[in-house]
Amino acid sequence: SWAPELSNAAYRKIGPLYWRVATVDEGNNVGAFTTARISAGRTMTVRLRGSLRRNATSRITVFVRGANRRALRGATVSVRGAGVRAHSKRTSRRGTATFRLRPTAKGSVTFTVRRSSYGDETKTLRVR
């Protein structure tokens, strides 16, 4: 009936979680428990280079590294917010993805990085 939201970064730092689940029928009889190990995924670090100004084209480079500090190839980087057209790219063998963005509104642009077996990371850049 309840489960924590595993998107919090703290869950990735504590290692695997163990979860126990049992069914309850209409007569409130508890069935056998099943136990599972839940892994929130390996960690990655994301760094942004560049700045954004409203109605000006800027170049933003996203650097993605694995826990071993090596470049993380093939991660999907999605961009959205502040009037930029939402799109995504994959990181190169050097762990980078470069975007040319022209925000048309003030606010912030969000970069979301995803890769299988890794926890998602999100970075935000303010538009001046």
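The values are calculated or read from the model by the stated rules, or taken from the named source; none is laboratory data. Worth saying up front: this structure is predicted, and the values here are computed from it rather than measured. A quick note on method: Cβ atoms are made from the backbone with ideal geometry, for glycine too, and the neighbour counts reach across all protein chains shown. Ligands, DNA and RNA are stripped out before the accessible areas are found, and what is left, the full protein with its side chains, is counted by its heavy atoms. Shrake-Rupley method; radii C 1.70, N 1.55, O 1.52, S 1.80 Å.
Any chance you could count how many residues in segment 84-116 are in a loop (DSSP other than H, G, I, E, B), open to solvent by 70 Å² or more (accessible area, probe 1.4 Å) and either among the aromatic types (Phe, Trp, Tyr) or under 19 Å from residue 69 (Cα atoms) (or both)?
Matching residues across segment 84-116 total 4.
Please find, within segment 1-24, the residue that is modelled with the highest pLDDT out of those that are over 27 Å from residue 65 (Cβ atoms), open to solvent by 80 Å² or more (accessible area, probe 1.4 Å) and in a loop (DSSP other than H, G, I, E, B).
The extreme case among them is 2.
Filter segment 117-128 down to the residues that are surrounded by fewer than 14 Cβ atoms within 10 Å (Cβ to Cβ) and assigned to a strand (DSSP E or B) and list them by number.
Hits for segment 117-128 are 122, 124, 126.
Would you pick out the residues in segment 43-83 that are among the β-branched types (Val, Ile, Thr) and open to solvent by 20 Å² or more (accessible area, probe 1.4 Å)?
43, 45, 57, 76
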